[in-house]
Amino acid sequence: MMHEADNDLTTIGNPYLDVLKAVRLCHPGWESVSRVTFVATPGIATKPWDLWKKDIFDSLLAPQFLRAWASYASGNLAGWMEADRTIGEALPARAETLSRRNGQSLMKAYTVPAAEKNWTRLYTAMIEGRTHAHLATVMALRAAAFHVSPRLALSGYVLLESVGEFGSGEPQRCFEMVQACPPPDASAHLRAA
């Protein structure tokens with residue numbers, strides 16, 4: 001069984017470079033990701049991601065992402081599929097559609113490594129309609145398969161959400177959101193550089 005600290009992909013201690021490295025490994029086409037579940041809330045006194053963080057990320061996406069990572073890492077495909085189902089049932093309809101579309105696109109875009117039999121099984125389950133393959137669970141699957149720590153991969157997922165809304169041309173704003181949404185027990189990875 002893999003432990004979450006097996007590979008934090010540390011570079012030179014710069015948390016932003018670490019997150020970028022994790023994202024590039026888990027989602028090679030990350031710069032062109034479209035909107036997923038985060039929509040900036042204009043005209044409020046708080047940061048544009050505060051409502052999303054509270055209502056969707058902290059309560060749904062982060063716990064299910066971590067569950068999907070742990071399930072895949074331990075070979076528990078039913079647990080991974082349950083995390084995927086939970087996300088699909090809890091997201092508002094538009095966000096669910098976008099999350100599924102982005103996840104399936106990532107799942108289909110890259111060849112499954114030959115040694116990853118469970119990944120192949122989940123890919124087949126997606127093709128057969130037995131699982132939806134939301135972006136969070138697909139990202140967790142790829143992170144576990146490539147030995148990226150779940151906390152670092154979850155920060156990478158937040159980066160994907162921010163790029164989907166703000167675009168990759170606004171790195172400062174995207175990383176401000178990553179820093180504002182630290183994974184559980186991972187705030188040390190995301191302190192400002």
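Here is how the numbers come out for the structure above:
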read-out: Positions within the range 127-141 being surrounded by fewer than 24 Cβ atoms within 10 Å (Cβ to Cβ) and part of a helix (DSSP H, G or I), in sequence order; value: Ile127
read-out: Filtered residue count, the range 142-169, keeping only those that are open to solvent by 10 Å² or more (accessible area, probe 1.4 Å) and within 14 Å of Arg35 (Cβ to Cβ); value: 5
read-out: Residue count, the range 108-124 (criterion: out of contact with any Leu (no Cβ under 8 Å at 6 or more places or on another chain) and either assigned to a helix (DSSP H, G or I) or surrounded by 19 or more Cβ atoms within 10 Å (Cβ to Cβ) (or both)); value: 6
read-out: Members of the range 81-104 that are of a type outside the set (D, E, K, R), buried (at least 16 other Cβ atoms within 10 Å of the Cβ) and part of a helix (DSSP H, G or I); value: Met81, Ala83, Thr86, Ile87, Gly88, Ala95, Leu98, Ser99, Asn102, Gly103, Gln104
read-out: Identity of the residue in the range 26-77, hydroxyl-bearing (Ser, Thr, Tyr) and in a loop (DSSP other than H, G, I, E, B), that ends up surrounded by the most Cβ atoms within 10 Å (Cβ to Cβ); value: Thr37
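The values are calculated or read from the model by the stated rules, or taken from the named source; none is laboratory data. Here the structure is a predicted model, which means the values were calculated and not measured. Backbone-built Cβ (ideal geometry, glycine too); neighbour counts: all protein chains shown. For the accessible areas, the whole protein counts, side chains as well, though only heavy atoms, and no ligand, DNA or RNA atoms are used. Shrake-Rupley method; radii C 1.70, N 1.55, O 1.52, S 1.80 Å.
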